[in-house]
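Below is one structure, written out as structure tokens; comments come after it.
The values are calculated or read from the model by the stated rules, or taken from the named source; none is laboratory data. The structure presented is a predicted model; accordingly, all values stated were derived computationally and were not measured. Note that each Cβ is placed from the backbone with ideal geometry, even for glycine, and that neighbours are counted across all protein chains shown.
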There are 2 protein chains.
Amino acid sequence: MTIRLPHRGWLFDLDGTVYRGEGLIPGAAETIAALRYAGRRVAFLSNKPLQTREQYAGKLTRLGIPATPADVINSSLVLARHLQSLDPGAPVFVIGEPPLVDELRAHGFEVRADHRVRWVVIAFDRTFDYAKLNTALQAVRRSGARLIATNPDRTCPTEDGEIPDCAGMIAAVEAVTGRTVEVIVGKPSPIILEVALRALGVSAGECVIVGDRIETDIVMGKRLGLATVLVLTGITPADDPRIAEIGPDAVLGSLRELIRS
Amino acid sequence: MTIRLPHRGWLFDLDGTVYRGEGLIPGAAETIAALRYAGRRVAFLSNKPLQTREQYAGKLTRLGIPATPADVINSSLVLARHLQSLDPGAPVFVIGEPPLVDELRAHGFEVRADHRVRWVVIAFDRTFDYAKLNTALQAVRRSGARLIATNPDRTCPTEDGEIPDCAGMIAAVEAVTGRTVEVIVGKPSPIILEVALRALGVSAGECVIVGDRIETDIVMGKRLGLATVLVLTGITPADDPRIAEIGPDAVLGSLRELIRS
């Protein structure tokens, strides 16, 4: 049994790469176990701010891939850390779900339900509604609030098909406020990757990123000098013309093919 | 007392021109009465799909400007008529409020709550939420539904300030579906103006449009060859640089100045 690439650090996207909904991608547990057994360092990246890192680690463990919260880098964590560097303790209004709110509070931010804030934080939010859109508008108009978002994805794959993701919330807020979101911390931003490389303790050249999205996982990896592996178990079809255009280092049917027996 | 312009037909925007919220713009009732007394034909245009024409006529009458439903051209009516010409009786999913749904049903459309539709109708909707955004996405992905919208406004002026308008809903749907809305029937589309000119029985050259929005009322009027009057009682400030750029035929403090005593 050999591992296809020699790199010390391995970053895996989750949805569409390691699992889809509640089902593990066949071979995922064995592949991760083999990498770890060979001494490679593994972490999991997610643009989704819908769960806490504890919940992600619990889900991975339950599906057969033992993981701790420290193994998981999601966009909630990265947003909270990045905003801490820009404006620590600021009052914020959140278009997002409770795990993001909890992460922001844990990082010392004052999460408010009204427009008296310095930042509007925009995330993938299945409880998004008109009232939140209006509060975002008032925060910008009356308080001069700035805009920051977790992730740029249009849709999120689930077992029942794709559902609207953060791009819908970002577009609505930008359209009514006339302002552009200043920073989106999730993939393909270098911000999330820098946090992940620090967590693994490796440099970009020593690391592989494995994911199912050309426009986030692969584009970001190439831009920062990581090795890139596209898997076809998620949103990108095998005949996507962007594969030839962007040129990932490898295109695999699934992450099972990372290991040759 | 003289009327500033000789035209037979007069189209008035409502919000910001004739009233603001529940308050009539001072002089509005007297000006409309004088125009009607002089034999000019008057109709009211609104991009807002939030009320029925009956409700608009009732409100105008209550505020001191007697009006019937036939005097009111709103974007719900225009959308229903336009869609009738494109795809009569089609199944539709509506991001919108009950008056729009009622207008569509009255025009023979099958309004559905699921994605099995040929059109997604997008409107200013204070009950917009993630579930509606998801149904719109599924309608496009699974049923190949097409997109049509009532009005392109970013915000709507109210007595308490501006609130998010249809542009927010359009942007969210376009962002998650990756599709562009095919037609927006409300101002500045020529579609609403053609319906209004037919209702008044006048040609474009015989008609004035009076409104508070440069980018809809004035741009549309100029494009179709109407005389254009910008009033400063709504969203456009006196120092807006677009006034010189677009060049309405007159810029007035309010519609009271349409009459010289």
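Numbers for the structure displayed
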{"item": "Members of segment A:156-188 that are polar (S, T, N, Q) and either surrounded by fewer than 19 Cβ atoms within 10 Å (Cβ to Cβ) or without any contact (Cβ under 8 Å) to a residue 40 or more places away in the chain (or both)", "result": "A:THR158, A:THR180"}
{"item": "Some residue of segment B:104-115 being closer than 25 Å to B:LEU197 by Cβ and among the basic types (Lys, Arg)", "result": "no"}
{"item": "Single match in B:VAL202, B:VAL210 (criterion: in the same structural domain as B:VAL42 (by TED's automatic domain parsing), more than 26 Å from A:ASN151 (Cβ to Cβ) and either surrounded by 23 or more Cβ atoms within 10 Å (Cβ to Cβ) or touching a Ser or Thr at 6+ places or on another chain (Cβ under 6 Å) (or both))", "result": "B:VAL210"}
{"item": "B:ALA70 being crowded, with 18+ Cβ neighbours inside 10 Å and in a helix (DSSP H, G or I)", "result": "no"}
{"item": "Test: residue in segment B:94-102 that is within 17 Å of B:SER75 (Cα to Cα), in contact (Cβ under 8 Å) with a residue 12 or more places away in the chain and acidic (Asp, Glu)", "result": "yes"}
{"item": "Qualifying residues in segment A:18-47 (those that are within 18 Å of A:GLY253 (Cα to Cα) and of a type outside the set (A, V, I, L, M, F, W, C)) - the one surrounded by the most Cβ atoms within 10 Å (Cβ to Cβ)", "result": "A:THR31"}
{"item": "Residues of segment B:229-245 classified as in contact with a Lys or Arg (Cβ under 7 Å, 6 or more places away or on another chain) and surrounded by fewer than 17 Cβ atoms within 10 Å (Cβ to Cβ), total", "result": "0"}
{"item": "Hey, A:VAL18 touching a residue at least 24 places away in the same chain (Cβ under 8 Å) and within 21 Å of the chain's Cα centre (by Cα) or not", "result": "yes"}
{"item": "Restricting segment B:116-132 to residues that are in a loop (DSSP other than H, G, I, E, B) and either free of Cβ contacts under 8 Å to residues at least 24 places away in the same chain or touching a Leu at 6+ places or on another chain (Cβ under 8 Å) (or both), the residue that is farthest from the other protein chains (Cβ to nearest Cβ)", "result": "B:ALA123"}
{"item": "So B:ALA106, is it surrounded by fewer than 19 Cβ atoms within 10 Å (Cβ to Cβ) and not hydroxyl-bearing (Ser, Thr, Tyr)", "result": "yes"}
{"item": "Residues located in segment A:137-177, provided they are over 25 Å from A:HIS115 (Cβ atoms) and of a type in the set (Lys, Arg)", "result": "A:ARG154"}
{"item": "Segment B:129-175: number of residues that are at negative phi and under 19 Å from the mean Cα position of the chain (by Cα)", "result": "23"}
{"item": "Checking A:ILE95 against (1) buried (at least 20 other Cβ atoms within 10 Å of the Cβ); (2) over 20 Å from A:THR135 (Cβ atoms), the condition it does not meet", "result": "(2)"}
